[in-house]
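Report on the following structure.
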Amino acid sequence: MKEPTTKAYLYFLAFVLGNLNTLNIQFQVGDTMIQTLITSFRSRLKVIIRCFVKLEIQNRSDAFDLPLDPGNYKDVKNVLCGPNTEAYLNEEGASGKAVEQFRLTCLGFYVELVKQMRKQVNHKDKTLQALEYLDPKVAMNGTVEMISPLTIRLSKLLGKSQSELESARDTLENQWLSLRDSKKEKILKSGGEELVSSPSYLWKLLLDGKNPDGTPEFFELSNFMLDLCALPHSSAGAER
């Protein structure tokens, strides 16, 4: 490796891939993760954007929508290429056009990486947005008033006739609203960490909930959500 920037590229890729591996691990998880796709991609995009976009520009718009305009980029010498990369270049005393070209290549890599990541998830898709309701934290915090955006878009999963469908939607909506009751705290405490991270665990837990008269409290809602938990968030399962 006589060319000083050759090893610098390896350090740079290790730095970038370390960030991407966080996302890749999510795609390998066996539990339901489709509800976190948008937020997970947004989080990783933000990290990458911080490496090459000017500080005053970074938070002006959603990470999915921030314009990839060269005028928004940092000066090439300020593009973040990773601490080991910088340490290596300093130790080697590397400078001049080779290093400038190296940093320009890193900048180009970041820009293309953001473009390609944005293609993987349509953050404006209403159904994908509504699937965030599967998240235990979203379901239990009471900030989402209606589940109808989800039940309307995925009503075929209910397997009902039109008249039955209307009744089923009302039932699901009422059960969703009931999640705000004081017993929420009891459910959260009984579930522990697994409840917070696993949608299927939450909805199985709620499946056994009873009204004061002994009738199932969240039976329809839990079954509907458990059906949604079967939706794949990646092709990793099939590839295994």
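Is there a residue being over 23 Å from ALA130 (Cβ atoms), open to solvent by 70 Å² or more (accessible area, probe 1.4 Å) and touching a helix residue (DSSP H, G or I) at 6+ places or on another chain (Cβ under 7 Å) anywhere in segment 69-82? Yes, the conditions are met somewhere in segment 69-82.
Scanning segment 4-53 for residues that are among the aromatic types (Phe, Trp, Tyr) and in contact with a strand residue (DSSP E or B) (Cβ under 9 Å, 6 or more places away or on another chain) returns a single hit, PHE52.
Taking (1) in contact with a helix residue (DSSP H, G or I) (Cβ under 8 Å, 6 or more places away or on another chain); (2) assigned to a loop (DSSP other than H, G, I, E, B) in turn, ASP65 satisfies each apart from (1). Of the residues making up segment 40-62, those that are within 19 Å of LEU17 (Cα to Cα) and either in a loop (DSSP other than H, G, I, E, B) or of a type outside the set (Phe, Trp, Tyr) (or both) are SER40, ARG42, SER43, ARG44, LEU45, LYS46, VAL47, ILE48, ILE49, ARG50, CYS51, VAL53.
When the residues of segment 142-177 are narrowed to those that are surrounded by 12 or more Cβ atoms within 10 Å (Cβ to Cβ) and modelled with pLDDT under 80, which ends up farthest from THR215 (Cα to Cα)? So, considering only residues that are surrounded by 12 or more Cβ atoms within 10 Å (Cβ to Cβ) and modelled with pLDDT under 80, the one farthest from THR215 (Cα to Cα) is LEU154. Applying the condition of being outside any helix (DSSP H, G or I) and farther than 8 Å from LEU206 by Cα to segment 218-230 and asking which residue is most open to solvent (accessible area, probe 1.4 Å) yields ALA230.
Selection of helices (runs of 4 or more DSSP H) fully inside segment 76-131 by the criterion of at least 3 residues being touching a strand residue (DSSP E or B) at 6+ places or on another chain (Cβ under 8 Å), farther than 13 Å from PHE52 by Cβ and free of Cβ contacts under 8 Å to residues at least 60 places away in the same chain returns nothing.
The values are calculated or read from the model by the stated rules, or taken from the named source; none is laboratory data. Model, not experiment: these values are computed from the prediction. No Cβ is skipped: glycine too gets one built from the backbone with ideal geometry, and neighbour counts run over all protein chains shown. We work out accessible area using only protein heavy atoms, side chains counted, and drop any ligands, DNA or RNA first. Shrake-Rupley method; radii C 1.70, N 1.55, O 1.52, S 1.80 Å.
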